[in-house]
Amino acid sequence: MRIQVTRTVGAVTVAVAAVSFITLRKLFTKKKHVQIAVAMDTVVLHQIGRSRYAPSLSPFPLKLETYLRFANIPYVSVHGTDMSPKGKTPWIELNGEVFSDSSFIIEMLNKKFDVDLNKHLSPSERGTARAFQKMVEENLYWTLVYARWIDPRSTFMSLMHEFPFRNLLLKFIARKIRKVMNGHGIGRHSDEEIYHIAEKDIMAISAFLGDKKFMFGDEPCEEDCAMFGMLAQLVWQLSDSPQEKLIKGECKNLEDYCVRMKERFWPDWDQCIMGDQQIKGFAAYPESDPTVWKEK
């Protein structure tokens, strides 16, 4: 009887693993791309669905979409699992061409549409803005990744969309992420050390912001989009984490800053988040989202 049970359990485990592999491959295997028909000079923004409490689970789509709104560049959103040629998200199509990486995309769009959101900044301020952006995207970002995927206390799973064998697949992804973090270097630190890095970065941003409305005064700049994309994750989508507690406590000026950015650029925020709706599918979005491309 014990042998039979063991064989049955083993068979079920193999079956689950096989279905999980097939599901994962289906989600992330590159598909033949179908070009979206839109008006000339309209950006088609590809991203991986809306989240419960912010328009994206990733800082980078939120950064890019906030930039598009700030720069008044027309766009539509397409939510799906297709990745860019670099294997990253977000990515865009513009007039039949594909562009990857949020920073390179913004640089290209600035030239294409003659946009300069930093014209009120001095050369020194431009340098400082870039330094803060790189600290946030290349350093603080990895503490976000750790808090979501590696820390056993994470509440991140509650934000994720429902799809077959979700928990098993997410654990598989988490193992992959741990390897990437080890390769980066930050994953070799202890839990305490990683959160110490987060604390130092958050406090530095808070000290620099002070009582200013935006990073460099009463008007936002391009790098505010990147700052908001990252900090919004810590404010609204990293529940009970050390980062959230710090931002809503000693560094509350950063939470207030996120609210100002939200009010300025996202009047339709509530229409672009899932909230308490049941999330089905890997790249879900609410029907109320006014940015979503719909075939006519």
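A few notes on this one:
- Segment 235-268, residues that are β-branched (Val, Ile, Thr) and either closer than 14 Å to Arg153 by Cα or without any contact (Cβ under 8 Å) to a residue 24 or more places away in the chain (or both): Val235, Val259
- Of the residues in segment 22-34, not one is modelled with pLDDT of 95 or more, part of a helix (DSSP H, G or I) and not hydroxyl-bearing (Ser, Thr, Tyr).
- Of Pro123, Pro152, Pro164, all but one fail to be modelled with pLDDT under 90, more than 26 Å from Lys245 (Cα to Cα) and open to solvent by 60 Å² or more (accessible area, probe 1.4 Å); the exception is Pro164.
- The listed residues are Phe216, Phe228, and the only one of them that is over 30 Å from Ala39 (Cα atoms) and either in contact with an Asp or Glu (Cβ under 9 Å, 6 or more places away or on another chain) or open to solvent by less than 10 Å² (accessible area, probe 1.4 Å) (or both) turns out to be Phe216.
- Test: Leu94 is over 16 Å from Gln233 (Cα atoms), in contact with a Phe, Trp or Tyr (Cβ under 7 Å, 6 or more places away or on another chain), of a type outside the set (D, E, K, R) and open to solvent by less than 40 Å² (accessible area, probe 1.4 Å): no
- Any helices (runs of 4 or more DSSP H) falling wholly within segment 72-158 and containing at least 1 residues that are of a type in the set (Asp, Glu) and under 16 Å from Glu222 (Cβ atoms): 102-112, 123-135
- The set of residues from segment 175-205 being small (Gly, Ala, Ser) and buried (at least 19 other Cβ atoms within 10 Å of the Cβ) comprises just one member, Ala198.
- Asp240 being over 18 Å from the mean Cα position of the chain (by Cα) and of a type outside the set (Lys, Arg): yes
- Residue count for segment 250-276 under the criterion of being more than 22 Å from Ala204 (Cα to Cα) and open to solvent by 60 Å² or more (accessible area, probe 1.4 Å): the result is 6.
- Test for Thr66: is it surrounded by fewer than 18 Cβ atoms within 10 Å (Cβ to Cβ), within 27 Å of Gln278 (Cα to Cα) and among the hydroxyl-bearing types (Ser, Thr, Tyr): no
- Residue in segment 189-197 that is in a loop (DSSP other than H, G, I, E, B), out of contact with any strand residue (DSSP E or B) (no Cβ under 7 Å at 6 or more places or on another chain) and over 24 Å from Thr66 (Cα atoms) present: yes
- If the condition is being acidic (Asp, Glu) and either within 25 Å of Phe214 (Cβ to Cβ) or open to solvent by less than 40 Å² (accessible area, probe 1.4 Å) (or both), then segment 277-296 contributes only Asp289.
- Filter pass, Pro74 being open to solvent by less than 30 Å² (accessible area, probe 1.4 Å) and at pLDDT 95 or above: no
The values are calculated or read from the model by the stated rules, or taken from the named source; none is laboratory data. Every value quoted in this text rests on a predicted model; they were computed, and no experiment measured them. Neighbour counts are summed over all protein chains in view; Cβ atoms, including those assigned to glycine, are modelled from backbone coordinates with ideal geometry. Keep in mind that these areas ignore ligands, DNA and RNA; they rest on the heavy atoms of the full protein, side chains included. Shrake-Rupley method; radii C 1.70, N 1.55, O 1.52, S 1.80 Å.
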